[in-house]
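Notes follow the structure.
The values are calculated or read from the model by the stated rules, or taken from the named source; none is laboratory data. Just so it is clear, the model here is predicted, and its values are computed rather than measured. Cβ placement follows ideal geometry from the backbone for every residue including glycine, while neighbour counts extend to all protein chains displayed.
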Amino acid sequence: MSIITKRGDEGETDLLFSRRIRKTSLRVQALGAVDELNTALGLARAAGLRADIETIIDRVQEKLVAAMGQLATLPEDRERYTYAAITAEDVTWVEETAKEMEGRGVRFTGWARPGAEGAIASATLDMARAVARRAERQSWELHESGGEVSHDVLLFLNRISDLLWILARVSA
């Protein structure tokens, strides 16, 4: 089976459970932003992160796949979704990881200027942070329009951007 299906030629795409939706929908925009975040984190990994930070990023990417599954499920199919999902424990993990990394001496000393340190890994993490903020905004927009996004997904995306800010400072 070819990746080229031509099923999207009329401006629709597939969600889970054989649902079709317009590519311009808020749900697809939120999904796309989370996919871009996952890709931005892949770029950061390829930039040569320290092993401890790469381990964190790997877990975040694993969780983003779960978030995309949740976003790709319409509210009427929520009961059918039995795959990995973002939970309150995932939000807590991000908070605890951020606090641990902050404990290494990272403090807010002014607005970040991505790339100013000359470290590509740090700059790519800052880029991922900006994409995370967009993914959060678009997920909130979907939720507020009646798209029912899990509160845990919304919190996870918010906390991820904070964690990425910290990791970018640690990587500089």
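Assorted remarks:
- For region 85-93, the criterion of being part of a loop (DSSP other than H, G, I, E, B), more than 20 Å from A40 (Cβ to Cβ) and modelled with pLDDT under 95 is met by none of the residues.
- Hits in region 122-150 (condition: touching a Ser or Thr at 6+ places or on another chain (Cβ under 7 Å) and assigned to a helix (DSSP H, G or I)): S122, L125, R129, A132, R133, E136
- Any hit, region 107-118, residues being among the aliphatic types (A, V, I, L, M) and at pLDDT below 95: yes
- If only residues of region 50-84 that are surrounded by 18 or more Cβ atoms within 10 Å (Cβ to Cβ) and under 20 Å from R169 (Cβ atoms) are counted, the one that is modelled with the lowest pLDDT is I53.
- Restricting attention to region 54-84, the residues that are assigned to a loop (DSSP other than H, G, I, E, B) and either in contact with a Pro (Cβ under 7 Å, 6 or more places away or on another chain) or among the polar types (S, T, N, Q) (or both) total 2.
- Of all residues in region 5-53, exactly one satisfies the criterion of being on the phi > 0 side of the Ramachandran plot and either within 18 Å of the chain's Cα centre (by Cα) or hydroxyl-bearing (S, T, Y) (or both), namely S18.
- Any hit, region 150-160, residues being surrounded by fewer than 16 Cβ atoms within 10 Å (Cβ to Cβ) and either at pLDDT below 95 or over 17 Å from L37 (Cα atoms) (or both): yes
- Within region 1-31, the set of residues being part of a helix (DSSP H, G or I), small (G, A, S) and either free of Cβ contacts under 8 Å to residues at least 24 places away in the same chain or more than 18 Å from E141 (Cβ to Cβ) (or both) comprises just one member, S18.
- Pair list, Cβ < 7 Å and 6+ apart or interchain, from region 143-154 residues that are over 17 Å from E89 (Cα atoms) to residues that are surrounded by fewer than 17 Cβ atoms within 10 Å (Cβ to Cβ): E148/P75
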